[in-house]
Amino acid sequence: MKMIWQLFGTHIIFVSTVLTTLIAWLFWPRQKKRTRSFLIRTSGLVALTGLLLALFTYWPRTYEKQYLETAISSEIIITPLKALADSIGFYIGVATSSESEYKSLIAQEFNSVVGENDFKPGQLLTNAEEWAFDFSKADKLSAFAASHNMRLRGHTLIWGKFAGMTYPKYWNKQIKEAVDPKKEMTAIMTRYINTVMRRYKGKVSSWDVVNEPMDGINLFPSPFTEALGEEYIDLAFNLARVADPDCELFLNEQINDYYGRDGQAFLALLRRLLRRNVPIDGVGLQTHNVKGLHNLEALTRYLRDIGDMGLKVEITELDVRLLLLKDTKDPYAAQGLQYGGVTQICLEDPACVGVTLWGLTDGSNWMDSVPPFKWKSPNAPNIYDEDMRMKPAYVEIWKALERGE
Ligand code: XIL
């Protein structure tokens, strides 16, 4: 129900009115003539209003690209983000794929890279029943990073959402049928983490060991929680520490409201993990601005709270959905300010070591292919537009890096 609500929001009220009217009309054919014609007219009206509402809601909008009217200073054009970030010992990274056509631009602009999908269990473990792996894409991205002296982040080892994409569906079956689910899951995680981490030892210097553990204020239910409860997180980090003791181990979260209940529940989880001496080095804050804009003041405080626990922080998946800024005079400029603001906050916090952008160009971005975001456009969440022109987002990150810490 929650999922349906998230997908359709208030439209669900309208959709159910339409359905109820239709059902009433279909199933009561022996109604009096007057009642029937009333039902027909009402349902017609409801359907028409629904159609108009849907057209109004989902019709793609465009916003004027005012940034095309102002020339970008030559200093910004000739000095890549990477040069500025290197000079202050900061990571500026991007999520990409081993097949990206923009590899040379990426090597020029960024000093850190992460696989958008190439390192996910759903990609690597092609047959869970036979433990068959396909490392070809991940190896290619790893070689690319190494040949350009870029840091490589690993994303992600354990992720308990959406079976099939984030972990093999077979694991659900295996745990359901296991005589001792705890033992079974411990064996699965041990084998998976050891195989993957050992392969990229010395290449991936920082892994998202667990991704998106929460569902609101509770743990996201998965075969991992089913078998081990919250301690699947402890196990993942303990295994990772042994598999590659030099690698930085991150817990990557997806929080929409840092100072709401979800954000606080995540801090409580962190405190519990630290109390149990789980070897966590840092927290990845995805910072997708996709369901709403992040409040920058709340983000500042949140970073400080995590830093105060003695943990590092990284902004790991930054993007800003353009549609969220539809009520501003210049949505592209406002999008730029949000990018610059988040970068600035990270730069100013001693615990925050870098910012990774989730994608490079509006021409191919994840929101255009993932429901419900793909249904309402423009998403245009990245720092280059579809014609590879620098957007205000690029310029604002550049300025923040130039100001430095
Ligand atoms: C997304 C990718 O960008 C898409 O290409 C893929 O279809 C789905 O996953 N949080 C995460 C990322 O941790 O791994 C997700 O990446 C975006 C949300």
### Message
On the basis of being of a type in the set (Val, Ile, Thr), more than 14 Å from the ligand (Cβ to nearest atom) and not in a loop (DSSP other than H, G, I, E, B), does Ile72 make the cut?
### Response
no
### Query
Being in contact with a helix residue (DSSP H, G or I) (Cβ under 7 Å, 6 or more places away or on another chain) and β-branched (Val, Ile, Thr), is that true of even one residue in segment 121-140?
no
### Query
For segment 99-213, which helices (runs of 4 or more DSSP H) that fit wholly inside it have 1 or more residues that are closer than 18 Å to Leu235 by Cα?
121-124, 170-177, 181-199
#### Entry: Breaking point among (1) surrounded by fewer than 15 Cβ atoms within 10 Å (Cβ to Cβ); (2) outside any loop (DSSP other than H, G, I, E, B); (3) of a type outside the set (Val, Ile, Thr), for Gly50
(1)
### Message
Can you find a residue that is within 16 Å of the ligand (Cβ to nearest atom), among the acidic types (Asp, Glu) and under 26 Å from Asn117 (Cα atoms) anywhere in segment 378-393?
### Response
no
#### Entry: Failed item in (1) under 22 Å from Gly216 (Cβ atoms); (2) within 21 Å of the chain's Cα centre (by Cα); (3) of a type outside the set (Val, Ile, Thr), with Leu249 passing the rest
(1)
### Query
How many residues does segment 220-236 hold that are assigned to a helix (DSSP H, G or I) and in contact with a helix residue (DSSP H, G or I) (Cβ under 8 Å, 6 or more places away or on another chain)?
11
### Message
Just to check your reading of the model, which residue among Leu285, Leu324, Leu357, Leu318 is modelled with pLDDT of 95 or more and surrounded by fewer than 23 Cβ atoms within 10 Å (Cβ to Cβ)?
### Response
Leu324
### Residue tally, condition without any contact (Cβ under 8 Å) to a residue 60 or more places away in the chain and within 16 Å of the ligand (Cβ to nearest atom), over segment 290-309
3
#### Entry: Members of segment 126-138 found to be hydrophobic (A, V, I, L, M, F, W, C), away from the ligand (no atom under 16 Å from the Cβ) and in contact (Cβ under 8 Å) with a residue 40 or more places away in the chain, listed by number
Ala128, Trp131, Phe133, Phe135
### Exclusive hit being under 22 Å from Pro372 (Cα atoms), over 17 Å from the mean Cα position of the chain (by Cα), of a type in the set (A, V, I, L, M, F, W, C) and more than 15 Å from the ligand (Cβ to nearest atom), set Leu325, Leu273
Leu325
#### Entry: Hits in segment 250-293 (condition: acidic (Asp, Glu) and closer than 23 Å to Pro381 by Cβ)
Glu253, Asp257, Asp262
#### Entry: Qualifying positions in segment 369-388 - open to solvent by less than 50 Å² (accessible area, probe 1.4 Å) and part of a helix (DSSP H, G or I)
Phe373
### Summary
If you go through Asp215, Asp257, Asp208, Asp262, the only one that is under 20 Å from the mean Cα position of the chain (by Cα), open to solvent by 20 Å² or more (accessible area, probe 1.4 Å) and closer than 25 Å to Glu184 by Cα is Asp215
#### Entry: Unmet criterion (only one of (1) over 23 Å from Ile72 (Cα atoms); (2) part of a helix (DSSP H, G or I)) for Ala393
(1)
### Task
Return the only residue of Ala333, Ala268 being of a type in the set (A, V, I, L, M), open to solvent by 10 Å² or more (accessible area, probe 1.4 Å) and closer than 24 Å to Arg389 by Cα.
Ala333
### Summary
Counting only residues that are crowded, with 22+ Cβ neighbours inside 10 Å and among the polar types (S, T, N, Q), segment 178-205 contains a total of 0
#### Entry: So Ala107, is it away from the ligand (no atom under 16 Å from the Cβ), out of contact with any Asp or Glu (no Cβ under 9 Å at 6 or more places or on another chain) and under 22 Å from Thr195 (Cα atoms)
no
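The values are calculated or read from the model by the stated rules, or taken from the named source; none is laboratory data. If you're wondering where the values come from, they're calculated on a predicted model, not measured in any experiment. Cβ sites come from the backbone with ideal geometry, for glycine too, and all protein chains shown count toward neighbours. The protein model used for the area step is the full one, side chains on, heavy atoms only, and it has no ligands, DNA or RNA in it. Shrake-Rupley method; radii C 1.70, N 1.55, O 1.52, S 1.80 Å.
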